[in-house]
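The values are calculated or read from the model by the stated rules, or taken from the named source; none is laboratory data. For clarity, every value in this text was computed on a predicted model and none was experimentally measured. So basically every Cβ, Gly included, is an ideal-geometry build from the backbone, and we count neighbours across all protein chains shown. Side chains included, ligands, DNA and RNA excluded: accessible areas come from the protein's heavy atoms. Shrake-Rupley method; radii C 1.70, N 1.55, O 1.52, S 1.80 Å.
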Amino acid sequence: MDDDDISISLEPEEPAVVERGTTEVSAHKRKKTSRCWLSFKQLPVSDDQIERAKCTKCGAVYKCDKATGTGSLIRHHDLCYNKDIVVSPHSSTRSSKFSHEKFRELIVEAIIRHDLPFRFVEYEGIRAVFHYISPILKLPCRNTVKSHITKLFDSEKLKLRSILSCVQGRICLTSDLWSSQTTDGYLTLTARWIDLEWKLHKKIISFCRFPPPHNGIALAEKINSLICEWEIEKKLFSITLDNASANDSFVEKLRTQLNFRGLLLLNGKFFHVRCCAHILNLIVQDGLKSIDQSVIKIIECLKYIKGSMARKERFLGCIDQVGMGDFKCCPSFDEWIKVEQTSRFLGYFYDVTCLFSGTKYPTSNLFFPKVFMIQHNIQQAMKDKDAFMRQMANDMNLKFEKYWSDYSLKAFKDTLSSLFNVYVDKWSPDNASGFMGESCSQTEGEDAFFQDFDATYTSGSSLSVKSELQKYLDEERLDRKKKEFDILSWWKMEQLRYPVLGHLARDVLTIPISTVASESAFSIAGRVLDQNRSSLLPETVQALLCCRDWLFGKKDQDHTDWEQLSENVLDLTLDR
């Protein structure tokens with residue numbers, strides 16, 4: 001069939017001449033508006049006086065008189081015509097692979113990805129655009145969009161649960177609380193893991209409404225119910241939280257529950273991780289207390305200059321030359337020096353905060369060298385000849401000692417050895433062979449007597465496996481200054497040399513040292529629950545947030561707004 005054979009005319013129909021017996025009657029028919037007439041052509045009335053119409057694509061004929069109506073024509077039109085072709089306004093182009101289901105899916109995904117309101121599909125201008133593209137395109141209503149998002153959430157959740165069930169390593173969590181514009185509380189929970197290809201993954205597994213009280217008991221019960229719902233309680237390694245007072249009691253209660261079931265490594269010694277970005281925030285805030293007035297003056301200075309266009313122009317012309325006598329908030333010379341010194345000193349803190357806030361790469365391996373340098377910079381500032389710098393550094397050191405004073409090389413070695421021994425018990429080759437032996441028939445006689453003896457001196461015994469750690473520590477150190485070094489790729493190549501230590505490294509590198517993975521969800525939630533959509537149901541909010549993360553999380557991470565993110569993390573409110 002040629003293209004011209006199925007072209008559709010959108011011009012108004014001319015008055016038709018209808019034959020009834022031998023008499024010709026000129027009848028003015030009103031314009032047909034049903035979509036079925038885009039693919040059907042009315043036939044002349046037959047001898048039985050029944051009106052019929054013929055499909056211009058497949059030739060099917062249906063009744064269409066007043067008694068029958070056009071219902072059968074519409075159903076045939078949707079099945080025969082819409083699934084296969086889209087007609088342009090001039091019928092000059094069409095797609096032979098067009099699917100209304102795919103079209104609706106793309107609309108729904110666009111609404112999720114770009115934080116659009118459900119009413120988007122009902123905007124008159126949007127409908128006009130799609131009608132211009134093709135009159136047969138029918139946008140779904142907002143209730144249909146909402147229904148499809150709920151179904152999409154349920155199906156994607158099943159997929160993610162299946163993925164998490166297959167994770168061989170440990171899963172690390174981050175969690176935080178957020179209040180919407182209507183002061184409704186929400187709790188977010190994210191999961192991180194490294195797959196068998198040594199790729200790091202991060203997914204939001206819950207963004208649910210969490211009404212008061214927000215105390216430790218309520219938090220422990222809620223988080224425990226969520227990890228049981230996702231069936232990951234046996235795979236947990238750590239949970240990273242900010243320094244809210246309720247989190248200490250919450251973690252202790254949850255750790256007790258998990259330890260009672262024997263689910264945590266070393267009785268949960270590594271379970272609670274404090275957000276390093278928030279600790280840096282607290283350290284910097286204590287240091288800034290001594291220059292509060294200087295900062296306030298600079299803020300007021302900017303407000304004054306931006307107060308009018310004339311002030312901006314005069315300021316650009318140089319303040320002291322134009323005589324701005326009413327410029328009362330300008331910092332003094334000494335205050336400018338303080339601010340300049342502080343800016344240089346705190347620049348490193350800002351860089352480390354951004355580094356700790358990464359979600360696409362491991363951060364646990366960055367903790368020690370960066371915290372060590374922060375301590376070094378603070379101690380150097382404590383010896384500065386300037387009394388102001390010494391005072392600021394002393395204030396910051398007190399906060400540093402509160403959170404990060406308890407670390408040493410000896411403690412590191414002892415902890416690493418203890419953790420490694422746990423992994424030896426689980427992942428050593430001789431234990432694997434022992435597990436296989438339980439499913440085989442029991443060895444009898446002399447073989448059974450020497451079974452333990454043979455296992456002790458085989459090349460895969462626990463003694464030889466334990467030497468993996470010492471072998472690793474004795475090897476030549478890699479160049480830490482090599483910026484393009486990818487630690488996950490390195491372990492992927494070396495996991496055969498260190499089969500037990502490789503499992504340990506994979507789990508440790510999964511640990512996030514900041515809650516940014518959770519806090520970044522709040523920025524999106526603020527756009528979803530804006531002042532125009534504050535009445536969305538909590539279930540709908542969760543479906544939107546989770547689907548956005550599950551479908552487009554990796555793509556969105558490539559366009560992270562680091563400036564906005566640093567403001568969210570630091571939030572240097574001086575009156576705390």
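Could you look through region 48-58, keep only residues that are outside any strand (DSSP E or B), of a type outside the set (D, E, K, R) and closer than 14 Å to residue 36 by Cα, and pick out the one that is modelled with the highest pLDDT?
So the residue we want is 56.
Given the criteria at pLDDT 90 or above, open to solvent by 70 Å² or more (accessible area, probe 1.4 Å) and under 30 Å from residue 215 (Cβ atoms), does residue 260 qualify?
Yes: the conditions hold for residue 260.
Tell me, which residue of region 341-376 that is open to solvent by less than 10 Å² (accessible area, probe 1.4 Å) and either farther than 19 Å from residue 273 by Cβ or touching a Leu at 6+ places or on another chain (Cβ under 8 Å) (or both) is modelled with the lowest pLDDT?
The residue in question is 342.
Suppose we filter 229, 233, 252, 313 for residues that are under 22 Å from the mean Cα position of the chain (by Cα), surrounded by fewer than 16 Cβ atoms within 10 Å (Cβ to Cβ) and either within 27 Å of residue 157 (Cα to Cα) or of a type outside the set (Phe, Trp, Tyr) (or both); which single one remains?
229
Just to verify a result, which residue in region 68-103, among those that are open to solvent by 80 Å² or more (accessible area, probe 1.4 Å) and at pLDDT 80 or above, is farthest from residue 551 (Cα to Cα)?
Filtering first and then ranking leaves 75.
Read through the list (1) surrounded by fewer than 23 Cβ atoms within 10 Å (Cβ to Cβ); (2) under 23 Å from residue 280 (Cα atoms), then give the number of the only condition that residue 516 fails.
Failing condition for residue 516: (1).
Restricting attention to region 122-136, which residues are touching a helix residue (DSSP H, G or I) at 6+ places or on another chain (Cβ under 9 Å) and open to solvent by less than 80 Å² (accessible area, probe 1.4 Å)?
122, 126, 135, 136
Pairs under 8 Å by beta carbon, first residue open to solvent by 40 Å² or more (accessible area, probe 1.4 Å) in region 44-65, partner of a type in the set (Gly, Ala, Ser) and not in a strand (DSSP E or B), six or more apart or different chains?
Within 8 Å, the pairs are 52/46; 54/60; 56/39; 57/39; 62/72; 63/72.
When you go through (1) farther than 28 Å from residue 505 by Cβ; (2) open to solvent by 60 Å² or more (accessible area, probe 1.4 Å) one by one for residue 145, which number turns out not to apply?
For residue 145, the exception is condition (2).
Can you tell which of 303, 385, 297 is modelled with pLDDT under 90 and not in a helix (DSSP H, G or I)?
385
Do we have any residue at all in region 386-406 that's open to solvent by 50 Å² or more (accessible area, probe 1.4 Å), touching a Leu at 6+ places or on another chain (Cβ under 7 Å) and over 30 Å from residue 304 (Cα atoms)?
So far as region 386-406 goes, no, none of its residues is open to solvent by 50 Å² or more (accessible area, probe 1.4 Å), touching a Leu at 6+ places or on another chain (Cβ under 7 Å) and over 30 Å from residue 304 (Cα atoms).
Taking region 510-551 on its own, how many of its residues are modelled with pLDDT of 90 or more and either part of a loop (DSSP other than H, G, I, E, B) or farther than 15 Å from residue 113 by Cβ (or both)?
12
How many residues are open to solvent by less than 70 Å² (accessible area, probe 1.4 Å) and either without any contact (Cβ under 8 Å) to a residue 12 or more places away in the chain or of a type in the set (S, T, N, Q) (or both) when one looks only at region 407-419?
Summing the residues that are open to solvent by less than 70 Å² (accessible area, probe 1.4 Å) and either without any contact (Cβ under 8 Å) to a residue 12 or more places away in the chain or of a type in the set (S, T, N, Q) (or both) in region 407-419 gives 5.
Okay, residues lined up against (1) charged (D, E, K, R); (2) closer than 23 Å to residue 490 by Cα:
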position	(1), (2)
165	no, no
172	no, yes
188	no, no
197	yes, yes
200	no, yes
207	no, no
214	no, no
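Residue pairs, Cβ under 7 Å, 6 or more apart or interchain, first in region 375-398 and within 15 Å of residue 289 (Cβ to Cβ) and of a type in the set (Asp, Glu), second part of a helix (DSSP H, G or I) and open to solvent by 40 Å² or more (accessible area, probe 1.4 Å). List them.
395/289; 395/290
Among 183, 190, which is closer than 22 Å to residue 246 by Cβ, modelled with pLDDT of 95 or more and of a type outside the set (A, V, I, L, M, F, W, C)?
Every option except 190 fails the conditions.
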